[in-house]
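Colleague: Right, I'll just put the structure down here and ask away after.
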Amino acid sequence: MRVVIYTGKGGVGKTSVAAATALGAADRGHTTLVISTDNAHSLGDSLGVPLGPDPTLVRPNLYGLEVDVLTELERNWGEVHRYLLALLASQGVAEITAEEVVILPGMELITALLLLDQVDHDGRFDTVVLDTAPTADTLRLLSFPNAVEWYFDHLFGLQRRIVRVARATVGHAMKTPLPSDQFFASLERLHARFQRVRTLLTDPRRTTVRLVVNPEKMVIAETQRAFTYLCLFGFAVELLVVNRVFPTAATSGYFTKVRAEQEANLASLTELFGEIPQLPVPRYPHEVVGIPALEQLGRDLFGSSDPVTVRPTSSPVRFVERGGHPCIELALPYTGPDQVELSQRGDTLFLTVGPYRRSLVLPYAFTGRKVESANLANGTFTIRFASRRSPQEVARAA
Ligand SMILES: Nc1ncnc2c1ncn2[C@@H]1O[C@H](COP(=O)(O)OP(=O)(O)OP(=O)(O)O)[C@@H](O)[C@H]1O
Ligand SMILES: [Mg+2]
């Protein structure tokens with residue numbers, strides 16, 4: 001299954017471009033599902049077709065869906081949800097309903113990811129186009145599978161051990177309900193699903209991110225930051241859609257200055273995003289609503305080419321050998337050395353850039369090796385490991 005993720009600053013045209021891409025993909029014969037993960041859904045309004053939590057036929061080959069947190073929670077959460085309710089009830093929060101659990105932070109992220117895993121698992125669609133919320137929320141969504149890994153390993157792994165001890169000693173005397181084995185089995189199933197969705201999302205042959213921008217300074221600045229964080233989490237950024245470019249013919253009088261500003265900003269895009277292909281689209285004299293307008297947008301964007309072709313990208317993380325030292329090279333564009341923090345605990349690296357933190361479990365060839373040095377140059381962060389395993393590690397392996 002091919003996944004195309006559109007993201008960008010609020011209002012730049014993500015929903016319109018995602019809908020246009022999906023229409024074009026369906027036209028070419030791809031069985032396509034366009035999903036809105038933005039809580040403030042507008043995909044149905046854009047297509048002019050009411051959408052819900054299940055795939056709705058928009059036209060041949062094209063289905064649309066707006067993620068509904070409550071529906072997904074009921075479908076996926078099962079045992080974990082029931083335990084959460086019991087736990088809250090034991091703390092005096094009686095009569096809590098599923099509707100109220102929805103407000104727990106992060107629920108919308110969990111549900112959107114599980115839905116994507118389900119769609120991949122069902123194998124009904126060969127193309128999925130994601131229309132997402134503005135960048136900050138989408139980055140939280142995309143970094144979530146990485147964070148979840150840490151929780152499962154540290155928190156639930158630990159809790160499971162504690163529960164075993166607790167059950168053996170205090171058991172029913174405790175007021176707080178002890179999670180059942182079923183709860184843990186259910187958690188483990190969820191864990192496996194998050195791992196699968198992470199593999200899907202960070203495979204550049206299957207999933208790519210496309211950034212939608214407008215030729216405006218503030219939009220570009222936010223998009224640059226988004227690009228950096230996407231690289232940090234291992235997403236392949238494939239395309240820059242430059243939306244709302246004023247045609248020269250339309251920019252006399254009042255709009256002359258707007259056009260001049262846009263031109264300067266368009267020139268800076270080429271400098272800033274270098275090798276990432278850019279596709280410009282004009283600012284239309286009308287809103288882009290309804291299928292005919294979206295089809296025009298699709299044609300202006302992709303011409304006669306397949307709108308979901310995977311353009312070659314390299315994964316932003318590479319494991320390489322340099323001068324006998326195993327190294328990790330990570331693309332981190334627009335980042336200064338003072339913005340990156342790196343620490344190592346056993347076989348896990350922790351990388352912090354701005355407000356985001358990623359854990360990176362080292363591949364087998366790197367295990368037992370200590371970071372020797374790290375260096376950020378020309379947008380690449382290189383982490384160099386000791387050429388040999390530590391004596392303790394050699395002894396442990398033996
Ligand atoms: N090239 C364009 N020319 C004219 N109007 C456009 C163009 N692209 C988008 N629009 C209009 O701009 C508005 C915002 O577009 P859209 O909803 O696609 O943005 P968005 O990035 O999804 O916004 P949000 O961040 O709120 O989800 C819509 O009314 C849409 O019709
Ligand atoms: Mg939108």
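The values are calculated or read from the model by the stated rules, or taken from the named source; none is laboratory data. For clarity, every value in this text was computed on a predicted model and none was experimentally measured. Note that we place each Cβ from the backbone using ideal geometry, even for glycine, and neighbour counts take in every protein chain shown.
Colleague: Arg198: in contact with an Asp or Glu (Cβ under 9 Å, 6 or more places away or on another chain) and of a type in the set (D, E, K, R), yes or no?
Modeller: It is true that Arg198 is in contact with an Asp or Glu (Cβ under 9 Å, 6 or more places away or on another chain) and of a type in the set (D, E, K, R).
Colleague: Here's something else I'd like to know. Give the range 19-38 a look and list any residue that's within 11 Å of ligand 2 (Cβ to nearest atom) and within 15 Å of the chain's Cα centre (by Cα), or say none.
Modeller: Ser36, Thr37, Asp38 - these are the residues of the range 19-38 that are within 11 Å of ligand 2 (Cβ to nearest atom) and within 15 Å of the chain's Cα centre (by Cα).
Colleague: Please specify each residue of the range 312-329 satisfying the condition of being part of a loop (DSSP other than H, G, I, E, B) and surrounded by 13 or more Cβ atoms within 10 Å (Cβ to Cβ).
Modeller: Of the residues in the range 312-329, the ones part of a loop (DSSP other than H, G, I, E, B) are 312-316, 323-324.
Passing the criteria: Thr313, Ser315, Pro316.
Colleague: Would you be able to tell me the number of residues in the range 331-351 that are in a strand (DSSP E or B), in contact with a Leu (Cβ under 8 Å, 6 or more places away or on another chain) and modelled with pLDDT of 85 or more?
Modeller: 7
Colleague: For the range 232-257, which positions are among the aromatic types (Phe, Trp, Tyr) and within 20 Å of Arg205 (Cβ to Cβ)?
Modeller: Scanning the range 232-257 gives Phe233, Phe235.
Colleague: Also, quick follow-up: Can you list the strands (runs of 3 or more DSSP E) lying wholly within the range 355-398 that have 2 or more residues being at pLDDT 75 or above, within 25 Å of Ser143 (Cβ to Cβ) and in contact with a helix residue (DSSP H, G or I) (Cβ under 6 Å, 6 or more places away or on another chain)?
Modeller: Where strands (runs of 3 or more DSSP E) fall fully within the range 355-398 and carry at least 2 residues being at pLDDT 75 or above, within 25 Å of Ser143 (Cβ to Cβ) and in contact with a helix residue (DSSP H, G or I) (Cβ under 6 Å, 6 or more places away or on another chain), they are 356-361.
Colleague: Further, regarding this structure: Just for helices (runs of 4 or more DSSP H) wholly inside the range 16-110: which have at least 1 residues that are on the phi > 0 side of the Ramachandran plot, at pLDDT below 95 and out of contact with any Gly (no Cβ under 8 Å at 6 or more places or on another chain)?
Modeller: Details: elements: 43-47, 69-76, 78-90, 98-101.
The helices (runs of 4 or more DSSP H) meeting that bar are 78-90.
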